[in-house]
Amino acid sequence: MNKAFLPMALSAIVSTAFVSTLYAAPLAYVPNEKDGNVSVIDTETDKVIYQLPNKGRFGKKIQAVAIQPDGKKLYVVVRDKNAVAIVNLETQKQESLVKVGDEPEGISISPDGKTLAACLEEENAVSFVDLATSKLAHTTNTQGRNPEHCEYSPEGKWLLASNEESGDVDVIDVATHKSVHLIKATKHPRGIGFSPDGKLAYIANEAANLVEVVSVGDWAILHRIPVGLRSNGIKVSHDGSRVYVSNGGDHNISVIDTASNKVTATIPVGKRPWNMALTPDGKKLYVANGRSNSVSAIDTATLKVIKEIPVGQLPWGVVIQ
């Protein structure tokens, strides 16, 4: 069967097991904030093959998504319900809705797959959900105001939360569920990424148009790297040699060489690029373009866009499994 001719109606009802068999490449999940649904892209053909839910939407406003390491469940922030929807990817149906607190936006799953952290913008807190029970386990107050993005360190010891209003980043000790340090960022920190060895954190500063390189442990700012206008998203390559930075105002991606801490390439994409994801082999980078209602697929060898993929309205980001 030619995948290109699979009817959309059929793809909307087949099970994920069937889809996984038919589509051997990893799938990319794109939350469409305004539509309240998730577009699912086959990363081999770079086409949308179905959406979640099959009918309707998760809510009036959705934002971040995360996926379990085993690829069985997808987690979707439903902001208007102050909750995270848990979606079974085999049945393609929502299993439950976990209330996490006031105005969640960014989420992250711990490296061991046991816990989900959600940043609560209006509550000035981070909530932790036990994924075995699908219940809220802890809530940690942040020192900063309006935490937006949450990111676990690779070994799961730390959780960083970028605070939009106060312009700083909370460092939360995962073992104690306490904020133990506050990194004074330059201006309006947003996206966060860690080096694979967990020794460095990269923080995009949207209002300052730069990326700060932070030493993990002592939390000192080692470098400030100028990038593009309204830098917001961060993705570190699997080998740690590059950091990709989405520049919402310039409609492009800055590529930082981590050996020199300099921008070595700039890739034009759609309007207001934001959160990104890499395929497991690192050969493609997918960028959500919020104002173009599209996702740019980038060849990381040539650093060129190979496909502009139409999705829903106001795509917030991408996760790949």
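The values are calculated or read from the model by the stated rules, or taken from the named source; none is laboratory data. In this text, all values refer to a predicted model and were calculated from it rather than measured experimentally. Virtual Cβ from ideal backbone geometry, glycine too; neighbours counted across all protein chains shown.
For every residue, the table says whether it meets (1) surrounded by 21 or more Cβ atoms within 10 Å (Cβ to Cβ); (2) of a type in the set (D, E, K, R).
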residue: 245; (1), (2): yes, no
residue: 249; (1), (2): no, no
residue: 258; (1), (2): no, no
residue: 266; (1), (2): no, no
residue: 272; (1), (2): no, yes
residue: 286; (1), (2): yes, no
residue: 296; (1), (2): yes, no
residue: 306; (1), (2): no, no
Looking at the range 175-206, which of its residues are in a loop (DSSP other than H, G, I, E, B), more than 27 Å from residue 251 (Cα to Cα) and small (Gly, Ala, Ser)? 175, 198
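Are any of the residues in the range 207-216 of a type in the set (Asp, Glu), outside any strand (DSSP E or B) and in contact with a strand residue (DSSP E or B) (Cβ under 9 Å, 6 or more places away or on another chain)?
Checked against the condition, which is being of a type in the set (Asp, Glu), outside any strand (DSSP E or B) and in contact with a strand residue (DSSP E or B) (Cβ under 9 Å, 6 or more places away or on another chain), the range 207-216 yields no hits at all.
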Would you tally the residues in the range 171-206 being under 23 Å from residue 227 (Cα atoms), out of contact with any Cys (no Cβ under 9 Å at 6 or more places or on another chain) and of a type outside the set (Gly, Ala, Ser)? 15
crowded, with 21+ Cβ neighbours inside 10 Å, under 19 Å from residue 294 (Cβ atoms), out of contact with any Gly (no Cβ under 6 Å at 6 or more places or on another chain) and not β-branched (Val, Ile, Thr): is that true of residue 104 in this structure? no
Out of 113, 71, 101, 106, sole residue that is at pLDDT below 95 and either assigned to a loop (DSSP other than H, G, I, E, B) or under 20 Å from the mean Cα position of the chain (by Cα) (or both): 71
Residues being in contact with a His (Cβ under 8 Å, 6 or more places away or on another chain) and either of a type in the set (Asp, Glu) or within 25 Å of residue 205 (Cα to Cα) (or both) - total across the range 129-153: 1
Please determine, by comparing only the residues of the range 283-321 that are outside any loop (DSSP other than H, G, I, E, B) and either of a type in the set (Asp, Glu) or at pLDDT below 95 (or both), which one is farthest from residue 238 (Cα to Cα). 308
Considering only residues of the range 168-192 that are β-branched (Val, Ile, Thr) and buried (at least 20 other Cβ atoms within 10 Å of the Cβ), which is nearest to residue 121 (Cα to Cα)? 169
If you go through the range 308-321, how many residues are in contact with a Lys or Arg (Cβ under 8 Å, 6 or more places away or on another chain) and surrounded by fewer than 19 Cβ atoms within 10 Å (Cβ to Cβ)? 1
Residues in the range 225-241 that are closer than 27 Å to residue 174 by Cα and either acidic (Asp, Glu) or surrounded by 15 or more Cβ atoms within 10 Å (Cβ to Cβ) (or both): how many? 8
Has the range 294-305 got any residue that is more than 17 Å from the chain's Cα centre (by Cα), touching a residue at least 40 places away in the same chain (Cβ under 8 Å) and within 19 Å of residue 231 (Cα to Cα)? yes
Selection from the range 126-155 of residues among the aliphatic types (A, V, I, L, M), surrounded by 21 or more Cβ atoms within 10 Å (Cβ to Cβ) and out of contact with any Lys or Arg (no Cβ under 9 Å at 6 or more places or on another chain) yields 126
